[in-house]
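Below is one structure, written out as structure tokens, with a few remarks after it.
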Amino acid sequence: MTKRPRLFLSPPHMGGSEQTRVAEAFASNYIAPLGPQVDAFEAAFSEYTGLPHCLAVASGTAAMHLALHCLGVKPGDVVLASSLTFIGSVSPARQLGAELCFIDSEPGTWNVDPAPLREALEHYAAQGRRVTAVIPTDIYGQCADYARLLDVCAPFHAPVVADSAESMGARYGQGPNTGEAACHAGAWPGLAASIFSFNGNKILTTSGGGMLASHDKKLIEHARKLSQQAREPAPHYEHAELGYNYRLSNLLAAVGLGQLEALEARVAQKRRIFRWYRELLGDVPGLSFMPEAATGKANRWLTVIQLAVDCGSAPEAVRLALEAEDIESRPVWKPMHLQPVFAGCRVFGGGVSEALFTRGLCLPSGTAMGREDVERVAGIVKAVVVKGKGRD
């Protein structure tokens, strides 16, 4: 019997034109970083998202590092960030010498909760401390409530950098007539900048890479200079400040151009996969899905479930059962305030993100999956949960 190939959590999915575009890059001999494909990728990304100024870089983490650097984050400053996130969202703040403080999630969206955010801003303002940046994460492809967060941050003059690494193709803000979301993830006016990731598991991948985008032309201009070792405009190599080697390869940008062409279809498939899972598992006692916020349209990058304490099964039992069938799943992000590397960092709230981590599991959601793949995964999940329930 032929062994089934491993079912990964969210593997790359090539659309067809990527090879053609990479071949064009080879033919042009622009193999080193920078080149016409990078320029074209930035322009196409800008047109798609509505963000006027875009800088393609080596990773989403590099994009965040540049954003915080350009906002002037330095030792002694405070940066507030979602606790329920990936470490690349927050490690640049620590690397720049800032004090990190984490904010809990709200249960209805899993995104950063404005109430403890306000509490944290008031706390540091009373101390006379400078909050140089606030970083909300668009968790699992669902936009944070940018408008509410900006309203909270405005009195404290704290700029907001959206971590939209997981939310390519998602939308925020409902249109008044059509019900369609008004803007792309990270494109809401008032945000200081937004960062995106093109890692291999993302809905749009270049294997590795990222984008820093903003309505602020000067911020992107400075970030572009820094990303190229901060070279001054001179015929020789002249440097008045320290920069980084964060440029995106021209070859990877060619892949990104091909991926961008298929993005809407990928989002539609991600949402279809979520609907299949909900149809197949929606009646399982104690099992629920990540809710969708009323303020936008998630891309459903990953389908994420929660198992109630009284359902009889822990997420780890489900994960191990799937792994036994060569199917990858993964726990919900472990909150940053629980990570050993951030021991001692303050957290405002914390109970919601901790519970989501304890009871949550991300199911395979790759866009090459068919209905039969989802049925296979759902069958295993349901069998484990029902068996666990039977032990009560």
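The values are calculated or read from the model by the stated rules, or taken from the named source; none is laboratory data. Predicted, not measured: the structure shown is a model, and the values here were computed from it. Neighbour counts run over all protein chains shown; Cβ positions are idealised from the backbone, glycine included.
Computed values, structure above
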| read-out | value |
| --- | --- |
| Cβ-Cβ under 8 Å pairs, at least 6 apart or on other chains, the range 328-357 side over 25 Å from V318 (Cβ atoms), far side β-branched (V, I, T) and assigned to a helix (DSSP H, G or I) | V341/I87 |
| Test: residue in the range 124-142 that is within 15 Å of T295 (Cβ to Cβ), small (G, A, S) and buried (at least 24 other Cβ atoms within 10 Å of the Cβ) | yes |
| Test result for A268, surrounded by fewer than 21 Cβ atoms within 10 Å (Cβ to Cβ), more than 30 Å from C311 (Cβ to Cβ) and not assigned by TED's automatic domain parsing to the domain that holds G141 | yes |
| Residue within the range 323-334 that is more than 20 Å from the chain's Cα centre (by Cα), aliphatic (A, V, I, L, M) and buried (at least 19 other Cβ atoms within 10 Å of the Cβ) present | yes |
| Neighbours by Cβ (under 7 Å, 6+ apart or cross-chain): first from the range 76-93, among the charged types (D, E, K, R); second at pLDDT 95 or above and outside any strand (DSSP E or B) | D77/A98 |
| Counted residues, the range 19-61 - those being modelled with pLDDT under 95 and acidic (D, E) | 1 |
| Residue match in the range 78-88 (condition: closer than 30 Å to V377 by Cα, at pLDDT below 95 and under 21 Å from the mean Cα position of the chain (by Cα)) | no |
| Out of L121, L84, sole residue that is closer than 16 Å to A144 by Cα and among the aliphatic types (A, V, I, L, M) | L84 |
| Test result for L149, part of a helix (DSSP H, G or I) and closer than 30 Å to T206 by Cβ | yes |
| Residue within the range 236-256 that is in the same structural domain as T85 (by TED's automatic domain parsing), under 17 Å from the mean Cα position of the chain (by Cα) and closer than 13 Å to F45 by Cβ present | yes |
| Residue check, G258 of a type in the set (G, A, S), modelled with pLDDT under 95 and more than 15 Å from V57 (Cα to Cα) | no |
| Qualifying residues in the range 263-313 (those that are of a type in the set (V, I, T) and in contact (Cβ under 8 Å) with a residue 60 or more places away in the chain) - the one nearest to A147 (Cα to Cα) | T295 |
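Table: residues versus (1) closer than 30 Å to A230 by Cα; (2) among the aliphatic types (A, V, I, L, M).
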residue: K74; (1), (2): yes, no
residue: V90; (1), (2): yes, yes
residue: G97; (1), (2): yes, no
residue: C153; (1), (2): no, no
residue: S167; (1), (2): yes, no
residue: Y172; (1), (2): no, no
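A quick yes/no check of all residues on (1) over 17 Å from V332 (Cβ atoms); (2) touching a Lys or Arg at 6+ places or on another chain (Cβ under 6 Å); (3) at pLDDT below 95:
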site	(1), (2), (3)
E354	no, no, no
T358	no, no, no
T367	yes, yes, no
G370	yes, no, no
I380	yes, no, no
V385	no, no, yes
K389	yes, no, yes
